[in-house]
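As structure tokens, the structure follows; a few thoughts come after it.
None of the figures in this text is laboratory data; all of them are computed from the coordinates on show. Quick caveat, the model's predicted, so the values are computed rather than measured. In this analysis, Cβ positions are derived from the backbone assuming ideal geometry, glycine residues included, and neighbour counts consider all displayed protein chains.
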Amino acid sequence: MKLLHRTALNHLLLAIPLVVIGTVAGHYAVRHAVNDELDEQLQHHAELIAARLAAGESELPAEAPDQFVQVLPERSTGIAFRDTLLYNAAEEGVIPWRMVRYPAVGVDGGPATVVIARATVEYEDLVTTVALVIGGLLLLVFLGNFLVDRWLNTRLWRPFHNTLDQLAHFQVDAPRNELPRTGITEFNAMNGTLNAMMAKLQRDFTAQKRFSEQAAHELQTPLAVMQGKLDELIQMPELGELEAGMIEVLYRARERMGRTVQNMLLLARIGNMEYAAAPVDWQALFQDQAALLAGLMERRAVHFQLHVDKRCELRLHPVLAELVVANLLRNAVQHNHEGGSINVRIGSEGFVVTNSGPTLNVDPERLFERFTKGDPSSEGSGLGLSMVKEVCDNAGLRLEYTEAAGVHTVVVHRTR
Amino acid sequence: MKVLLVEDEPELRRSVLAYLHGEGMVVEVARDFPEAMDKTGLFTYDAVLVDITLPKGSGLDVVRQLRTKHPGTGIIIISAKGSLDDKVRGLELGADDYLAKPFHLPELVARLHALVRRKTFNGRQDIVLDELRLVPEDKLVEVHGERVELTGMQFDLLLFLVANKDRVLSRSAIAEHVWGDHAEAMDEHDLLYSHMKNLRKKLTEHGWQDRIKTVYGIGYRFTTT
């Protein structure tokens with residue numbers, strides 16, 4: 001829920017009961033005031049009639065449609081006011097009246113009670129109108145308040161929204177604009193902190209990138225020299241068996257070192273997030289990589305099956321996507337047994353690679369750590385799966401490995 | 001074929017120079033950025049090999065100048081930096097290919113041949129070696145005018161051997177060319193061996209005189225003499 005909507009809702013939740021309470025309370029207050037006034041008038045009138053009775057005058061004032069006066073030969077204990085409902089001919093119905101019973105002495109000297117009643121219909125209307133006016137005013141005040149607040153909020157929070165917008169478009173490897181100063185201290189503090197953070201992020205990124213480039217250059221150039229000399233060396237005529245053996249070893253060592261260097265630099269780059277995500281055709285990728293490994297699978301009689309449930313929507317940089325698929329498939333072939341199988345299932349949210357193979361003598365928890373090898377003498381760099389892990393972590397993908405009864409399962413899935 | 005090599009590392013320069021000379025190519029060298037800019041400004045080459053990290057400048061600027069002055073020249077970037085930006089930007093600037101260091105010299109030769117074939121003959125250039133005829137564009141192979149059905153990988157392998165004819169090719173150079181990064185997993189030599197055997201069998205079945213020689217302990221050679 002947007003901040004603005006949340007404040008508006010709170011306003012509304014507060015306004016509704018206040019308007020209702022205000023209207024009802026207003027209604028009672030006005031009614032109370034009106035009754036007081038009426039009672040005073042009725043009492044006056046009754047006093048007047050009682051005085052006349054005491055003076056021996058028995059004639060009562062003429063009846064009016066909204067008022068009647070009676071003298072009852074009854075004893076009453078004190079002045080009593082009450083509301084009552086009586087039929088009224090003019091209104092053609094039962095309407096509310098205010099009535100007073102006032103003790104007096106009759107013309108005959110006996111006890112008497114003066115009863116005066118007055119219709120309160122027009123007062124009721126007045127009370128209702130006044131209450132509604134109060135309610136209306138309250139409503140107006142709240143509405144005005146709400147609108148002013150809304151306008152102010154939109155204006156006041158604009159710098160905040162600008163900042164949010166710029167943060168959303170922040171790219172560590174692209175030039176950026178400084179977040180501006182605003183008229184508000186808190187926002188200035190926030191923008192200042194964010195500016196410093198982004199500047200540091202970019203500095204670190206550039207430094208890290210320069211470092212891995214320099215490291216790459218310093219390591220790959222001598223490797224290239226070695227490679228060149230080896231390629232030249234084998235052109236020499238009359239290489240004996242002994243020399244051939246040594247060259248063979250040198251080639252392998254050169255390759256192994258090259259792979260390790262390449263993978264370590266790749267790891268550094270993945271950690272530095274130099275790779276932007278893009279849509280990937282996972283099916284084609286699995287097919288291509290499986291085709292490259294077809295010779296090896298054939299030789300080990302490993303059966304490969306690819307099943308596509310749905311087009312996979314996972315996004316990744318093409319280089320990284322290839323790295324993940326290549327490493328997972330290669331592992332599935334290498335750690336398989338003769339006549340085993342590899343199954344790949346692609347769904348919209350991820351994919352699963354299952355393969356048969358002997359139980360690993362490596363703790364599954366350590367499987368994705370760097371330089372972990374099932375067979376210490378293997379010429380693999382031990383970095384393959386840790387790169388897959390690093391790629392998944394950085395892309396917000398879940399990577400899981402499980403093994404049960406010689407069936408190894410690797411799941412790559414979007415995190416919720 | 002006239003090639004300019006822009007590379008600051010002397011030993012690597014020497015190796016590439018010697019190897020390309022051996023292929024019968026005319027090779028000139030530029031040791032740093034100004035020399036590269038002078039030579040590419042003044043002369044025309046069939047292909048230029050450019051290192052990105054150069055003394056006194058960037059190889060990317062060399063690529064830029066080449067593209068404006070000599071659009072017909074093939075450009076291959078050879079870089080040790082390995083950063084993705086360089087590859088992407090180099091190709092955007094108009095480089096034709098990108099080869100990361102360290103590379104196998106035969107790989108460089110194969111890429112050079114492919115590039116010049118693409119640039120000068122629009123890819124339509126047959127390679128004829130006696131009874132063997134290859135049409136790289138169509139991945140077509142004929143022996144005595146009769147078509148031989150090869151898999152994509154077998155064709156790649158044959159083209160690689162032919163591009164480096166009369167040179168000794170190490171098993172690792174071949175494996176990397178055919179399987180790329182998966183070469184690591186193929187280190188059992190007999191996989192390459194059986195791959196090679198299948199290729200030779202398919203060709204000899206059509207009456208091809210086997211010219212692929214095994215160099216003991218090292219690799220293979222496609223001989224023409």
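So the values come out like this:
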quantity	calculated
Rg to Rh, two decimals, where segment A:3-153 supplies the alpha carbon set and Rh follows Kirkwood	1.26
Angle in degrees between helix A:121-156 and the longest Cα principal axis of chain A, rounded to the nearest 10	20 degrees
0 to 90° range, to nearest 10: angle between helix A:384-395 axis and chain A longest Cα axis	20 degrees
Estimated vicinal HN-Hα couplings, Hz - segment B:137-150 in sequence order (Karplus 6.51, -1.76, 1.60; Gly, Pro = x)	3, 9, 6, 10, 10, 10, 10, 6, x, 10, 5, 10, 7, 10
Euclidean distance between Cα centres, segment A:272-345 to segment A:138-173, Å	49 Å
Chain B: relative contact order in percent, alpha carbon pairs under 8 Å with at least 6 residues between	13 percent
Helix-derived mean residue ellipticity, 222 nm - over chain A, DSSP H n ≥ 4, -39500 (n - 2.57), to 500	-19000 deg cm²/dmol
Computed P(r) (all Cα pairs; segment A:185-271; 10 Å bins; percent)	14, 28, 20, 15, 10, 7, 4, 2, 0
Span from the segment A:65-121 Cα centroid across to the segment B:109-168 one, whole angstrom	125 Å
Shielding score for A:211-224, defined as the mean number of other chain Cβ atoms within 10 Å	6
Residue-averaged beta-carbon neighbours from other chains (10 angstrom radius) around B:97-108	5
Amide H within-cut-off set for B:Val215, under 5 Å, with H built and near neighbours excluded	B:Tyr220, B:Arg221
Peptide ranges A:238-247, A:102-111, A:266-275 listed from the most packed, as the mean C-beta count within 10 angstrom indicates	A:266-275, A:102-111, A:238-247
Helix-only mean residue ellipticity at 222 nm for chain B, each DSSP H run of n ≥ 4 adding -39500 (n - 2.57), per residue, nearest 500	-13500 deg cm²/dmol
Principal axis dimensions, chain A - Cα atoms, whole angstrom, descending	160, 54, 33
Table column - 3J(HN,Hα) (Hz), segment A:185-201, Karplus curve with 6.51, -1.76, 1.60, x for Gly and Pro	4, 4, 5, 4, 4, 4, 4, x, 4, 5, 4, 5, 5, 5, 4, 5, 4
Dipole of segment A:214-322, positive end: most advanced residue of A:Ala278, A:Leu223, A:His303 [Cβ charges, Cα centre]	A:Ala278
Loop-located trypsin sites (Lys or Arg not before Pro) in segment A:285-360 whose Cβ has at most 10 other Cβ within 10 Å (DSSP)	A:Lys310
Dimensions (Å) - segment A:292-363, Cα atoms, principal axes, largest first	34, 26, 23
Listed peptides A:114-126, B:69-81 by packing density, highest first (mean Cβ within 10 Å)	B:69-81, A:114-126
Equivalent ellipsoid semi-axes, segment A:278-414, via Cα gyration tensor eigenvalues times 5, rooted, Å	22, 18, 14
Residue-averaged beta-carbon neighbours from other chains (10 angstrom radius) around A:241-251	3
Segment B:139-225: GluC sites (Glu not before Pro) in DSSP loop, at most 12 other beta carbons within 10 Å	B:Glu149, B:Glu188
Cα-based Rg / Dmax (Å) for segment B:127-222	12.9, 37
Note, ³J(HN,Hα) from phi for segment A:231-240, Karplus 6.51, -1.76, 1.60, rounded to Hz, x at Gly and Pro	4, 6, 4, 6, 7, 4, x, 6, 7, x
10 Å-binned pair-distance histogram of segment B:1-76 (Cα, whole percent)	21, 57, 22, 0
